Each structure stands twice: as C-alpha cells, then as structure tokens.
Amino acid sequence: MSAVPDLGAGLSVTRRGFLALSAAGLAAATGCAGGGGRPSATPGGLSLQPGPVILDVAGHEVPTWGYGTVPGPEIRLRAGDTLRVRLHNGLPEDTTVHWHGLAPPNGMDGVPDVTQRPVPPGGTFRYEFRTPVAGSFMYHSHVGMQLDRGLYGPLIVEPRDEPLAYDREYTLMLDDWADGLDDGGDHTDHGGLPPEAAVDGDPTTAVSFGGRTYPLLLVNGRPPEDPPVMEGRPGDRLRLRVMNIAADTGFRFAVAGHRLTVTHTDGMPVEPVTVDALRLGMGERYDVLLHLDQRDGAWQVGVAPEGRPGWGRAVLRYAGSPASSSPPVTAWPTELDGRPATYGDLLAVEPPELPAGAPDRVFDLTLQRTEISGQSYPDADPLTVAEGEWVRVTMRNTSAKWHPMHLHGHHFQVLTPSGRGPVKDTVTVPARGGAVTFDFLATNPGDWLFHCHNHHHMTDGMVRLVRYTSP
Ligand SMILES: [Cu+2]
C-alpha cells in the first residue's frame, strides 16, 4: 500500500527543468510538483506497478487501485526514443497496459486476449517499442473497468525540436469518480439516470455521454475542494495538456478571464485557433496555450460535465497573489458558456498523405444503444483491411448518448468541410443523428481494437476489431 497524500500543483514541468533532465540523459522524467509518483527507473527502463493505493480525496482516504499514485507517474520521452516499461502486476486480478494514442507494434498494444495474454497477479510483462511520434498521450489498464479505479497516467512524447514557445506546462487529467470504489468499479447501482435517459431540448446541444452516477469529478486526482494549482507570472505563456480519462463523462473546460489557443488535439498539431472553451469526450486530449494577460489574481479553471450535474476545477494563480484570493469552489467561468472548439475549427498541420482517387475500403457503421451496426463484441464481425489500403469509416449515431470512438494503432483524419480536418485517435460522434467520417492508412498490421471510450459501453460490447488480412 502506498499513500498518495499530495499530487501537488498538478503535473508541471518547466521547459528549463525538462531540458536539464534530458541533458542528464534520463529517458523519462516526471513533472509531479509536490511529491507525486515517479516511475522507478531501472537499468532496463521504467517500472510500473499497479496495485492497491489510498487516494486522499479532500481528507477522505479512499482505497482504490493505481500505479503508485492517481494519476500514475508521468512518463516523458522524446520522439524517436524507445519506451521500455516492465509491468509488475500487484493487483489481485489480471491486468495489461494500453498506450492510448500511440501506434506501437500490435503485440505491445496491451489489449488482453487480442494483442497479449493478460498478466496474472504477481506476473510481469515487458513493453518495449519506439515512439517516433510526439504528442500528449495516456496510458491505462485495458482490463474491464480497472481504468475507472485510477489505473491511468499521462505519457508525453516531446518533439526533438519544440516549435511552440512557452514558459511552463501543466498536464490536467480530468476524471469522474464514483463512491464505493471497492465494489469492483461497476457503478450501475447508484441510482443513476437510465442508460438512454431522454434529454430535453435541442438535440444538437443536449449532450449526454454517460448514464451512471459519478458524484465526484477529479482533476489530477483532486476534488474541487482541494484543487491542483497552476502558477505563472504575468506575460507568461502556459502550455496545458488537457486529457479526459473519465470512464463515463464528457467535459467542458475553460479558464476564467482567459482564452485558449488550441495547438493540438489527441497530440497531433493543428493550426492554432483561439476559443473560449474545450469539449472533450472520453479519451480525447487537447493541448492549448494560455497567455497570462491578466495582472494578477487566482482564476477558476472550470471543468463541467456534459449532460449531468457535477463540478471539477483547478486554479490558475498568478505568482505572488495571496492564497486567500482563490475563487469560490463552484464559481462558474462565463467562458464555459462561450464558443468551444469544434472539429470544423481544427485544421491538420500534418495530414496523412492519402493517394489520389477514392478509398480502397469503406465501412458504414451505425451506433445504436451500445451496439455497432447491431452487433455486440465479441459476437461481432471484424472490420477487415489489407496493409497499404486507404480506409474510410463513417459512423452514424442513432442513440441518445454521445460516443467517443477510439481506434488503436493508427491516427485518422476527421473529414470536415475544410478538407483539412484534424488528425486524431478518438472522435466524439454526437447523439441523435450525429455522424462522423474519418480516413486512415492501414500501415500497422495486426488486430486492433476500435471501440467506444465510454468504458461501460466498451465492456457492454461496443467494440469491433480492425483486422489486417494476411497477404
Ligand atoms: Cu459509447
């Protein structure tokens, strides 16, 4: 058991601090100010040990599972490095680690019974693969609902030459948290809304991602009463890596008194666009630049769940501002009601090089309840592709829930009216007639999961395999 009394000011690292660590030859460094976990470095790489932990939720000790802390320690690499992690399973059940957003060789993808045998209690597994693509990623267990207990952490791959100028960066992992976490993580008995609860009003704005009750929303493992604090000086530019790791909750995110310049989604660069707010389905990430153009003060960083009650937050504090200036716990930044970034706003900087002509393979899928075109995994047909093909997937959502759909092992380009839609690995398909189309190049052979990142929907079978045929 390891106590996790303090994750400090969120996960932060200064440019200078990181560069110094890199110069010292460390393959990975954690930026947890205030004593969060650090992946223990061994001669062969890093060690991750999932096991029981105590999460301190505003003074309440909550027994749960984690990689030492919740979130787990930040893993930080540089593009082209090799990720080497030895997993030691300290849980009483099988586990694996999935590297969300990376495109490793199939055998390293961490999906139990698809890409590897699950690791039994007391067992070990060695993950090792190159990470050529920079970006903001996450790692998490891919067994059952283990992610929902806290088995997740941030994974940052730095570019060799950073094109963005900023003074300091913070990673914010947004999570929903149920009480009674010793019940196995399936929170269906807490009196939540029915799974397909009707949502009143305009269906294009009425958003429901999930149906369960999650009374607490956490930012970097901390409740709104004990928020992580980001600091900077007037004139600074902060880089925020905002990640939705929740099992069942979509979020809207905004910073009072400040606008957000989106530079990446799902780790992939986009033309900078300045907005009031972000909207993140589960599994999605946004990198934003935040210009500290106020003079002083402490500003609310609001995290509002979509389509259900609840509240999470962090605090942005200008250096030298007194602690007493913290905003009230529930202060609502008006920016949350402003214009959120939409996929249509985002223009890919590095779109995939698709050949001329038409896609080689087209899949038209319907998202209905928690089924994909009427099938429920594992009783579901694989989506068969061949290496080198240009594949197009269209998803039409007839259900009352938004479904954030995640493809393993590949990055895809979302089709938008601009013709230069963002490159992502997770895309939210709006409810009640919403549709999204994406294209990808089949360049990474294997059996890959394609699934809803609402983990309840996933465990209900909202999954297909993308299967490469043998030549
Ligand atoms: Cu779903």
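Computed from the coordinates by the stated procedures, all read-outs in this text should not be read as laboratory data. From a predicted model like this one, the values you see are computed outputs, not experimental measurements. Reconstructed Cβ throughout: ideal geometry from the backbone, glycine too, with neighbour counts over all protein chains shown.
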Non-local residues with an amide H under 5 Å from the amide H of Glu231, with H modelled 1.01 Å from N and Pro and chain starts lacking one, are Arg317
Which net charge results for the neighbourhood of Leu449, defined as the other residues with beta-carbon distances under 13 angstrom from its beta-carbon, given Lys and Arg at +1 and Asp and Glu at -1? -2
Which whole-Hz ³J(HN,Hα) couplings does the stretch 419-429 yield from phi under the Karplus relation 6.51 cos²θ - 1.76 cosθ + 1.60, θ = phi - 60°, glycine and proline marked x? x, 10, x, x, 8, 9, 10, 9, 9, 8, 9
Non-local residues with an amide H under 5 Å from the amide H of Leu77, with H modelled 1.01 Å from N and Pro and chain starts lacking one, are Ile156, Val157, Glu158
Stokes-Einstein D for the stretch 397-444 at 25 °C, 0.890 mPa s, Kirkwood Rh over Cα pairs, in µm²/s? 215 µm²/s
Can you give the three extents of the C-alpha atoms in the stretch 220-332 along their principal axes, from longest to shortest, in whole Å? 35, 33, 20
Checked the stretch 320-471 against the a/c 1.5 cut and the a/b vs b/c comparison, axes a ≥ b ≥ c from its Cα gyration tensor; verdict prolate
I want to check the label-to-label distance for Thr330 and Asp381. Put each point 7 Å from Cα in the C-beta direction and report it in nm to one decimal. 5.1 nm
Built amide H within the under 5 Å cut-off of Thr428, gap 5+: Met405
Give the peptides 354-365, 150-161, 458-469 in descending order of average Cβ contacts within 10 Å, highest first. 150-161, 458-469, 354-365
Mean shadow area of the stretch 102-150 over all directions, Cα convex hull, nm²: 4.1 nm²
Karplus (6.51, -1.76, 1.60) ³J(HN,Hα), θ = phi - 60°, over the stretch 447-456, in Hz, Gly and Pro reported as x: 9, 10, 6, 10, 7, 6, 8, 6, 5, 5
Taking the C-alpha atoms of the stretch 319-395, convex hull volume expressed per residue in Å³: 268 Å³
